[in-house]
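The values are calculated or read from the model by the stated rules, or taken from the named source; none is laboratory data. Bear in mind the structure is a predicted one, so any value in this text is a computation, not a measurement. Because the Cβ atoms are built from the backbone with ideal geometry, glycine has one as well, and the counts that use them run over all protein chains shown. Remember, those area values only see protein heavy atoms, side chains included, never the ligands or the DNA or RNA. Shrake-Rupley method; radii C 1.70, N 1.55, O 1.52, S 1.80 Å.
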Amino acid sequence: MTEVSTAEKDVVRPSELVVLKSVNKHFGALHVLQDIDLTIARGEVVVVIGPSGSGKSTLCRTINRLETIDSGTIAIDGSPLPQEGRALARLRADVGMVFQSFNLFAHKTVLENVMLGQLKVRKADRRAAEEKARSLLDRVGVGTQADKYPAQLSGGQQQRVAIARALAMDPKVMLFDEPTSALDPEMINEVLEVMQQLARDGMTMIVVTHEMGFARSAANRVVFMADGRIVEEAAPDRFFSNPRSDRAKDFLSKIL
Ligand code: ADP
Ligand code: MG
């Protein structure tokens, strides 16, 4: 049988998962995002790099709708980001976010941190939420820390809990905004390894990072931003060996 049935056709998903078109944003007089066009395919890992202040965090925050935009459109899996309300909460839950500062709830245990969103947003039952939380904590290598409080964990462990917490929502895409920048050097790799594994498992990821080793080994594409614009984008090999724009050449000469 070669013909695809209607039912099968329905589960064929378009490959474009995150689509930004002509996105503009200002903070007062500052034009922080300028005509951003960016399309991320399902399963793609995109690393965003660029000088401090170029708009990388703001870009992440608009995709999660933590920031509004002034013009343009952002769609996740074919649905435009709504302005507010329940539809927004649902779409936002499709976008997992991991920040530089781990942002765990200090007065809740590790296990509770990973269960909370499942109970509140996904309305999972307690037993299912706990089972899933434990399995995710195992997956990121902190299963034995489940009953501790965040402050009792190292920074690297806390960041892995934050990743597990985001994954517990079954996000369609994961955003990482400098997830290792606040970590002591010896803890950076344990977090990058979890991210590498996630990438190999097929997660769609947008990663703002200065870890060029990660970009080279895990990214399908590097997006270079400067002054609120996407100046250049390319496969990592090409970008690092042969950056085309002067801004990118200048940036790489400073960090490599
Ligand atoms: P990056 O993450 O690339 O360092 P950001 O997106 O954090 O850049 O910031 C881009 C620019 O926008 C910076 O000049 C920053 O000072 C400014 N900015 C960021 N957030 C705000 C805000 N809430 N209000 C005003 N200006 C902001
Ligand atoms: Mg930033």
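May I have the pair-distance distribution P(r) for the range 103-256, computed from all Cα-Cα distances with 5 Å bins from 0 and rounded to whole percent?
Whole-percent P(r) values from 0 Å outward: 2, 9, 17, 18, 17, 13, 9, 7, 5, 2, 0, 0.
Would you mind working out the accessible area per residue for the range 1-148, using a 1.4 Å probe, and quoting it in Å²? Walk me through the numbers on the way to the answer.
Values: 8130 Å² over 148 residues.
Accessible area per residue, the range 1-148: 55 Å².
Stokes-Einstein at 20 °C, 1.002 mPa s, Kirkwood radius from Cα pairs: D for the range 35-107 in µm² s⁻¹?
Reported coefficient: 153 µm²/s.
What ³J(HN,Hα) values, in whole Hz, does the Karplus curve 6.51 cos²θ - 1.76 cosθ + 1.60 give for the range 116-123 when θ = phi - 60°, with x put for Gly and Pro?
Calculated HN-Hα couplings, in order: 4, x, 4, 6, 7, 9, 8, 6 Hz.
Using a 1.4 Å probe on the protein heavy atoms, what percent of the accessible area of the chain belongs to carbon and sulfur?
Accessible surface attributable to carbon and sulfur in the chain totals 48 percent.
With each label point set 7 Å from Cα along the Cα-Cβ vector, what nm distance links ASN189 and ASN220?
So the label points at ASN189 and ASN220 sit 2.8 nm apart.
Per the helix-only calculation at 222 nm, which mean residue ellipticity applies to the chain, given -39500 (n - 2.57) for every DSSP H run of n ≥ 4 and division by its residues, nearest 500 deg cm²/dmol? Please list the in-between numbers first.
Numbers: 10 runs with 100 residues, N = 256.
The helix contribution divided over the chain gives -11500 deg cm²/dmol.
How far apart, in nanometres, would the label points at SER245 and ASP37 be if each is projected 7 angstrom from Cα along the Cα-to-Cβ direction?
Taking the simple label geometry, SER245 and ASP37 are separated by 1.4 nm.
Testing the spin-label approximation: label points 7 Å from Cα along Cα→Cβ at ASP138 and SER154. State their distance in nm.
2.3 nm
Where in the range 210-230 does the amide nitrogen come within less than 17 Å of the point 7 Å from the Cα of LEU30, taken along Cα to Cβ?
225-230, by backbone N distance to the label point.
Antiparallel as a % of all DSSP beta bridges within the chain, to the nearest 5?
Beta bridges within the chain, antiparallel portion: roughly 55 percent.
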